[in-house]
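Here the structure comes first, spelled out in structure tokens, and everything after it is commentary.
The values are calculated or read from the model by the stated rules, or taken from the named source; none is laboratory data. Everything numeric here is computed off the predicted structure, so don't read it as measured data. Every residue, glycine among them, receives a Cβ derived from its backbone with ideal geometry; neighbour counts consider all protein chains shown.
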Amino acid sequence: MSLITRNVFRALVQGTQHASKGLHTSAVNSDKNVCFAPLSISTLQTSKEGRIKCTLIPGDGVGPELVYSVQEVFKAAGIPVDFESFFFSEVNPTLSAPLEDVVGSIARNKICIKGILATPDFSHTGELQTLNMKLRNALDLYANVVHVKSLPNVKSRHQDVDCIIIREQTEGEYSALEHESVPGVVECLKIITAAKSERIAKFAFDYAVKLRRRKVTAVHKANIMKLGDGLFLRSCEEIAKLYPRIQFEKMIVDNCTMQMVSNPNQFDVMVTPNLYGNIVDNLASGLVGGAGVVAGASYSADCAVFEQVRVATGDTKLRARACACRRARATCSRARWARTSPTRPPCCCAPPTCWRTST
């Protein structure tokens, strides 16, 4: 199976697992308690025939090929899903659908499958926020969840890796607040707030409880950024007191990366600010076979967006490999995510030997 194709399919499996456990997203209210808003079949946009509508963003590079594969598998498996597709791109802005249309579709359908959106190194219009950032902010997709897990028949230095990396992705270093104060001097603002730090910490601990995890690790750099990361760390420590049965530890980000490559099995659930999580989840992906075998999901209070971990969208080798597989076990699990099938589709029972790389 193509590594990059499998990644999209694994995103759908993650959604299945989350829905079956009643876990989706949470929000912090005035008394700092979390109220879950389960995303079940009753909240999804459905037709009179009971078919579920799902927003589909092919993305750039290999994205369209992967999306075609996903659609073919859904069709072959008989899953009652109708896709509402949008071409959404920052590298082809003249052909891209308006942001408002895409946001409206996801808000209406509650669920989206998104390919990688290529981000230019420099903006030709002076715009600092990327489309990914705009989409996250518009929908308040504050929690990014990446499950890094060793797969059978995928050779790697470490075995039995199984950790979940949760990062806050609506503030921090990716706030797009930077300017050139004087020629040759650029200031970039990092925004950390107590409300959003508490919200992501509560999400991480609730996630650990729902998935029966035993430990949450807060990744920070509070020894240097004493106010910003200090606020994030204090928020995590306060939330941890509400969960006495969950072990809590804190770890400086540079030590965390060293520990990740030397002994990744020590980690269970990790909660991080924006930039650190982006680095750590890509590093962890390399430990289990690369970005092609790791899926991600972003959650707001009532929406779920499933996507893959960041890879080069224009890599011709990846594109050739992405077209190698048209069907896979995990795509059929999408039916269970939406609770449309009372039984497991036949291809969900495929043996672990099917998880192998293509040549």
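In the condition set (1) closer than 27 Å to ALA301 by Cβ; (2) of a type outside the set (Phe, Trp, Tyr); (3) without any contact (Cβ under 8 Å) to a residue 24 or more places away in the chain, SER181 is compliant with all but (1). When the criteria are applied in full, GLU198 meets the requirement of being in contact with a Lys or Arg (Cβ under 9 Å, 6 or more places away or on another chain), buried (at least 18 other Cβ atoms within 10 Å of the Cβ) and modelled with pLDDT of 95 or more.
Look at ARG213 and say whether it is within 22 Å of ASP160 (Cα to Cα), part of a loop (DSSP other than H, G, I, E, B) and assigned by TED's automatic domain parsing to the domain that holds SER175. Here the answer is yes, as ARG213 does meet what is asked. Between LEU151, LEU177, the distinction of being modelled with pLDDT under 90, in the same structural domain as LEU233 (by TED's automatic domain parsing) and more than 17 Å from the chain's Cα centre (by Cα) belongs to LEU177 only. Residues in segment 253-278 that are surrounded by 18 or more Cβ atoms within 10 Å (Cβ to Cβ) and under 24 Å from THR193 (Cβ atoms): VAL253, CYS256, VAL269, MET270, VAL271, THR272, PRO273, ASN274, TYR276, GLY277, ASN278.
Among the residues of segment 274-302, write down those that are among the hydroxyl-bearing types (Ser, Thr, Tyr), under 19 Å from PHE205 (Cα atoms) and assigned to a helix (DSSP H, G or I). Within segment 274-302, TYR276 is the sole residue that qualifies.
Of the residues making up segment 206-249, those that are surrounded by 21 or more Cβ atoms within 10 Å (Cβ to Cβ) and without any contact (Cβ under 8 Å) to a residue 12 or more places away in the chain number 0. Is it the case that some residue within segment 223-235 is at pLDDT 95 or above and within 17 Å of ILE164 (Cβ to Cβ)? Taking every residue of segment 223-235 in turn, none turns out to be at pLDDT 95 or above and within 17 Å of ILE164 (Cβ to Cβ).
Scanning segment 77-108 for residues that are at pLDDT 85 or above, over 18 Å from SER298 (Cβ atoms) and part of a helix (DSSP H, G or I) yields GLU100, ASP101. Restricting the search to segment 51-64, which residues are over 18 Å from ALA304 (Cα atoms) and touching a Ser or Thr at 6+ places or on another chain (Cβ under 8 Å)? If the condition is that a residue be over 18 Å from ALA304 (Cα atoms) and touching a Ser or Thr at 6+ places or on another chain (Cβ under 8 Å), then ASP60, GLY61, VAL62, GLY63 are the ones that fit.
Residues in segment 42-76 that are outside any helix (DSSP H, G or I), at pLDDT 80 or above, aliphatic (A, V, I, L, M) and more than 22 Å from LYS134 (Cβ to Cβ): ILE52 alone. Return yes or no: is ALA222 in the same structural domain as CYS188 (by TED's automatic domain parsing), farther than 30 Å from SER105 by Cα and in contact with a Gly (Cβ under 7 Å, 6 or more places away or on another chain)? Taking the combined requirement at face value, the residue satisfies it. Looking at segment 28-41, can you tell me whether even one residue there is at pLDDT below 85, in a helix (DSSP H, G or I) and aromatic (Phe, Trp, Tyr)? For segment 28-41, residues at pLDDT below 85, in a helix (DSSP H, G or I) and aromatic (Phe, Trp, Tyr): absent. Candidates VAL271, VAL305: the one that is over 24 Å from ASN153 (Cα atoms), in a strand (DSSP E or B), in the same structural domain as THR55 (by TED's automatic domain parsing) and not hydroxyl-bearing (Ser, Thr, Tyr) is VAL305.
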